[in-house]
Amino acid sequence: MGLQNISELERSNLALDVATRLRDLMARGDLSPGTHLVESEVAQKLGISRGPLREALRILETEGLVRSFPGRGSFVAEISARDVQEIYSLRAILEEEALRLAIQKATADDISELEAILQSMFAAAETGIHAEVLDRDLEFHMRIWKVAAHQRLEGFLREIAAQAKMYIAVQTSLYDDLAAGISDHRVLLEALKNKDVELATRTLREHLRVASETLLDYSRRQLDHG
């Protein structure tokens, strides 16, 4: 009947939970690109056995977040130029469409919620809390995707965001001035309020272009120091 053994199901769920935890640590910069994920140490810190950890690492490897090498072990993936270009070019195409739809459908309540998220983002920037800025940044964009009310489009964007979180975390950490680095979000919100499609899409494209160039420059510097 294809019924899964309960112990196997619990183990599978645990592996998914571990993958989520590791993904979040990467996104927050606690596991930076190039970090060696020593199985015994990671398993001990997470309080789990090495079996579910290995399954979690395989999940992250399929997402491009982990690289495994025979005889060397697993490492948090380095930021490659190809990954940056592919993720940000695809995100730009999909997110621009989500933004167009959101402008058409946004209600006063939607705008108020985006304003509240933006206020929290800048409050975190003023105190220099990079992880909080990252969380609010992603929340802001995800709220726009939700307002677009296109389930498949939102699903694809969330999948890309899961892969991009580590890149966004590195990008955020590179800002000399956090508030200046996220200032484009204010322009996006004003464009949404005024239903200005041209300004909104132009601002989004520039925002993602600068982000990708920042990461590409970081990637080149890492190679130079490698």
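The values are calculated or read from the model by the stated rules, or taken from the named source; none is laboratory data. The structure presented is a predicted model; accordingly, all values stated were derived computationally and were not measured. Glycine gets a Cβ as well: all are built from the backbone with ideal geometry, and neighbour counts include every protein chain shown. Heavy atoms of the whole protein, side chains included, go into the accessibility calculation; ligands, DNA and RNA do not. Shrake-Rupley method; radii C 1.70, N 1.55, O 1.52, S 1.80 Å.
Here is how the numbers come out for the structure above:
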read-out: Residues of segment 24-179: accessible area per residue with a 1.4 Å probe, Å²; value: 50
read-out: Point-to-point label distance, GLU206-ARG21, nm (Cα→Cβ direction, 7 Å offset); value: 4.3
read-out: Among the listed pairs LYS146/LYS193; LYS165/LYS195; LYS105/LYS165, those beyond 25 Å (Cα-Cα); value: LYS165/LYS195; LYS105/LYS165
read-out: Relative contact order, percent, the chain [alpha-carbon distance under 8 Å, six or more residues apart]; value: 24
read-out: Peptide ranges 147-154, 22-29, 211-218 listed from the most packed, as the mean C-beta count within 10 angstrom indicates; value: 22-29, 211-218, 147-154
read-out: Positive minus negative residues near LEU208 (Lys, Arg vs Asp, Glu; Cβ under 13 Å); value: -3
read-out: Segment 85-155: Cα Rg divided by the 2.2 N^0.38 Å rule of thumb; value: 1.18
read-out: The chain - percent of accessible surface contributed by carbon and sulfur, probe 1.4 Å; value: 50
read-out: Rg/Rg_ref, the chain, where Rg_ref = 2.2 N^0.38 Å and atoms are Cα; value: 1.11
read-out: MRE, 222 nm, helices only [DSSP H, n ≥ 4, -39500 (n - 2.57), over the chain, to nearest 500]; value: -25500 deg cm²/dmol
